[in-house]
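Here, each number is a calculation from the coordinates, and none is a lab measurement. The structure presented is a predicted model; accordingly, all values stated were derived computationally and were not measured. A quick note on method: Cβ atoms are made from the backbone with ideal geometry, for glycine too, and the neighbour counts reach across all protein chains shown.
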Amino acid sequence: MVNNQFGMVGLLTFLRAAETDPNLVTLAMGQDLMALGLNLTAVENLYPSFGGPFADAPARPQDIDYNVPPEYLINMSIRDKLSKLTLQKYKDDLLFYLFYTNVGDMMQLAAAAELHSRDWRYHTEEKVWITRMPGMTPYEKNGTTERGTYFYFDAQTWRRVAKEFQVDTVKLDKCPNISAYVAMSGQP
Amino acid sequence: NDDPPGFLERAEFLLKDWVSIVLSPNNGRDPLKGFSMFVTKMNMHGILKGDEPLTRFFRFATQYCIDLTYRNMNEPKTKIFQFIDAYVRLISLLVKHSGESGNANTKLNLLNKILGIVVGILLQDQEVHTTGFQQVGYHRIFIMLFLELTTHDPVLENISLPVITAFCHTFHIIRPACAPGFCYSWLELISHRVFIGRILALLPQQKGWHMYSQLLIDLFKYLAPFLRNAELAKPVHHLYKGTLRVLLVLLHDFPEFLCDYHFAFCDVIPPNCIQMRNLILSPYPRNMRLPDPFTPNLKVDMLTDIGGSPRVSINYAGSIQPASFKKDLDSYLKARAPVTFLSELRSNLQISNDVGSRYNIPLMNALVLYVGTQAIAHIRSKNLGPTMATIMHCAHMDIFQNLAVDLDTEGRYLFLNAIANQLRYPNSHTHYFSCCILYLFGEANSEAIQEQITRVLLERLIVNRPHPWGLLITFIELIKNPVYKFWEHDFVHCAPEIERLFESVAKSCM
Amino acid sequence: KLQKEHQIQFQRMEAAYYHLPTPSDSERLRPYLQRQPVQTPPHFPQQ
């Protein structure tokens, strides 16, 4: 057989080396390109929301500039008059908006904390926000499991939907500890 | 050097004055009024009195912005970005409003001057600071200037092609090989969603495609020496992964672009970057429906698209150098003589005696593609299509068979790679070269040739997806057609891992 | 082995690797709703 790097033995040697050296795998076997944060099955073009070569996710809608009439660009003249963000004053709808559109941002945590304070709970497995229907107590309780009618927030249709289901309260997320995240991120 | 006395003080005063104008709340109501008043001031201070004071002003202002970034590295970026964005606003307004409204030259001359100044400062900065070089100031200037000059505006729309050309030229000058400390920012800039949209989608008649291909070639050329090492250090891996993301966006949104320039890209991608090369070779035109390569009894030569000639936007025939070699090649293809041409072929391709870099790869690739396309034309002239019967016994196959036999293992590997680089979507090149490589396997006079053909095809198949359609159908034919007696070869069973690999690939193929 | 020219390139690239560009470097300033990237829990939406 060809006894250098250009035959089957050469390929075999490289593959065997790659088994023990993860650094060699990248070129030997390539990588799963579906895991680079791009929706390669999307029908629409990817470039308009491309987050950049080093981003794990597409750009957020609020980060994508659009050509608006210059009269719309009023930030400079009103920014000193804008009131501070006060999540306690906002309706649930806006809080959900902030939660779903500020992925990977402190704002997402802050919105989650405020929703939690309003008795919404984030189900860590179903990945939806749920809350008990007002005035409704669970009609079945068994340890950490309860059964009843709840509202869940459907982010696809953007509305609260009433549904009966069984909830394992262990799987409901606790309130995010904002100060701990702030300390970890090292940001003001 | 030798700024006139007081010039720097005046320039600093003007720059800071402009920034405060931009940041003032009243500016939003009538930005042009503020600009107009500022231009008057610039005139009063002599900045607009000629090319020299203008150049000095921009050189000072750019350097001031960069110095600001170095002094404030530990501060939030908002502060320096406010300053730089205001400076960029001044540049864009000056470019937009300079000269007569219908005269683009004044505007473009000014833009090119300023881009040249920024580039000059960047390159000098890199030499001065070396590993202490900070990219953020230059990154901000380039991206904000590009965004400002490509907004929807009738004046700017008229000069959009030359503006984009100016930026492409600038990015080529500061390509990673020349400014490695800027390489990550550079990739961000050339793959910014607005830049990609402008250059690949919005410029009419694909006028930006060639320029963008040059930038990608710059990127591949830079990565090549590091990727050849196979073991990727973290900084290299990071840049490589970013490159893959960009290629995926291009594969998804602009497959025709990758199709058109695949040849130029394969010239500069190292042979061991198999997945990246597959990314370049896998795209197909969006209006094409690819038949499932695993369809039983797929009749490739009956496919509607198989006769179509793919566009190759590179003058590969012109790459066959020297001219005397090209002349001899054309003579041989025409007359199938003299036979000595074949024996001298190898020496034309070899450039050194160093193992691993013996051969002129771009010349090899060009030779293979040129001979193949000449062969297709020759077959077509007889109203035939490429089949095993039509591709044999001709000058073209003489050349390919001679290369397969006469080259050493390294040269043969590169030669076979050049053929495999044409196994893409259904078209006449894919069809011809698929027949060609199968013919070389079947007619091989030594098992080494068959082994290396198998190696070249297999290594392209065992990496993660994507895989070019032409590669799949060729390999399927090789393992399924009893004519090739594929499973009887010793190299198929040389090691348990290899056997398992073949079985696994064959299982998914069959 | 890397040629000297490529070794120098690598050194400069490696230095740049420790202060990579961030997404906000290419975005307009947003004084009102600035980015504050943070590692959110994995069960939160990631896109």
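Some values worked out for this structure:
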read-out	value
Environment charge at residue B:311 (Cβ cut-off 10 Å; Lys +1, Arg +1, Asp -1, Glu -1)	-2
Mean projected area (nm²) of the alpha-carbon convex hull when the range A:57-121 is viewed from all directions	5.9 nm²
Summed side-chain charge close to residue B:148 - residues other than residue B:148 whose Cβ falls under 15 Å, Lys, Arg +1, Asp, Glu -1	+1
Relative exposure of C:18, A:97, B:138, judged by other C-beta atoms within 10 Å (fewest first)	C:18, A:97, B:138
Kirkwood estimate for the protein assembly as shown, i.e. one over the average of 1/r between Cα atoms, Å	29.7 Å
Electrostatic dipole magnitude of the range A:27-95 [Cβ: Lys, Arg +1; Asp, Glu -1; Cα centre; debye, to 20]	400 debye
Debye equation applied to the C-alpha atoms of the range B:151-263, log10 I(q)/I(0) at 0.13, 0.17, 0.20 Å⁻¹	-0.51, -0.85, -1.13
Along chain A, longest interval not containing exposed GluC sites (Glu not before Pro), exposed being DSSP loop plus at most 16 other Cβ atoms within 10 Å	A:45-124
Contact order relative to length of chain B, as percent, for alpha carbon pairs under 8 angstrom and 6 or more apart	10 percent
Helical contribution to [θ] at 222 nm, DSSP H n ≥ 4, -39,500 (n - 2.57), averaged over the protein assembly as shown, rounded to 500	-17000 deg cm²/dmol
Sparse-neighbourhood loop sites, chymotrypsin sites (Phe, Trp or Tyr not before Pro) in the range A:121-178 - DSSP loop, at most 11 other Cβ within 10 angstrom	A:139, A:158
Residue A:87/residue B:75 FRET efficiency (R0 45 Å; Cβ-Cβ; nearest 0.05)	0.95
Chain B: angle of helix B:7-23 to the longest principal axis, Cα-based, in degrees nearest 10	80 degrees
Spatially proximal lysines relative to residue B:49 (Cα-Cα < 25 Å; intrachain offsets below 8 disregarded)	B:16, B:33, B:41, B:96, B:107, B:113
Between 0 and 90°, nearest 10: helix B:255-268 axis offset from chain B longest Cα axis	80 degrees
Taking all pairs of distinct alpha-carbon atoms in the range B:297-399, Kirkwood radius in angstrom	15.3 Å
Ratio Rg/Rh [Cα only; Rh per Kirkwood] for chain B	1.08
All-pairs Cα distance distribution in the range B:201-313, expressed in whole percent, bin size 10 Å	12, 40, 29, 16, 3
Nearest-0.05 FRET efficiency for residue B:446 and residue B:330, computed from C-beta distance (R0 30 Å)	0.50
Virtual spin-label span in nm between residue B:493 and residue B:127, 7 Å along Cα→Cβ	6.5 nm
Crossing angle, helix B:323-335 versus chain B [Cα axis fit, 0-90 degrees, rounded to tens]	30 degrees
Relative contact order (percent, whole number), the range B:253-373, Cα cutoff 8 Å, 6+ residue spacing	27 percent
In nm, spacing of pseudo-spin labels at residue C:24 and residue A:166 (7 Å Cα→C-beta vector)	4.7 nm
Exercise: per-residue mean of other protein chain Cβ atoms within 10 Å, B:491-499	3
Nearby lysines by direct alpha-carbon distance to residue A:171 (threshold 18 angstrom, same-chain neighbours under 8 apart not counted)	A:127, A:141, A:163
Unit charges at the beta carbon, dipole of the protein assembly as shown: most positive-side option, B:141, B:300, A:88	A:88
Equivalent ellipsoid dimensions for the range B:252-334 as semi-axes, Å, which come from the Cα gyration tensor, largest first	29, 19, 13
Set of lysines near residue B:234 by C-alpha distance (under 27 Å), chain-local residues within fewer than 8 positions excluded	B:77, B:221, C:1, C:4
Förster radius 45 Å - calculated FRET efficiency between residue A:31 and residue B:105, Cβ distance, rounded to 0.05	0.40
Residues of the range B:354-372 with amide N under 15 Å of the 7 Å Cα→Cβ point at residue A:13	B:355-357
Neighbour-limited loop hits for chymotrypsin sites (Phe, Trp or Tyr not before Pro), the range A:1-79 (at most 15 other Cβ within 10 Å; DSSP other than H, G, I, E, B)	A:66
Those trypsin sites (Lys or Arg not before Pro) in the range A:68-175 that DSSP places in a loop and that have at most 16 other beta carbons within 10 Å	A:84, A:91, A:118, A:127, A:174
Inter-probe distance in nm under a simple model that places probes 7 Å from Cα toward Cβ, at residue B:309 and residue A:144	7.0 nm
Positive-pole candidate from A:99, A:148, A:49, dipole of chain A, charges at beta carbon	A:148
Convex hull (Cα only) mean projected area of the range B:69-226, reported in nm² to one decimal	9.7 nm²
Cβ-based net charge around residue A:2, under 12 Å, with every Lys or Arg adding one and every Asp or Glu removing one	-3
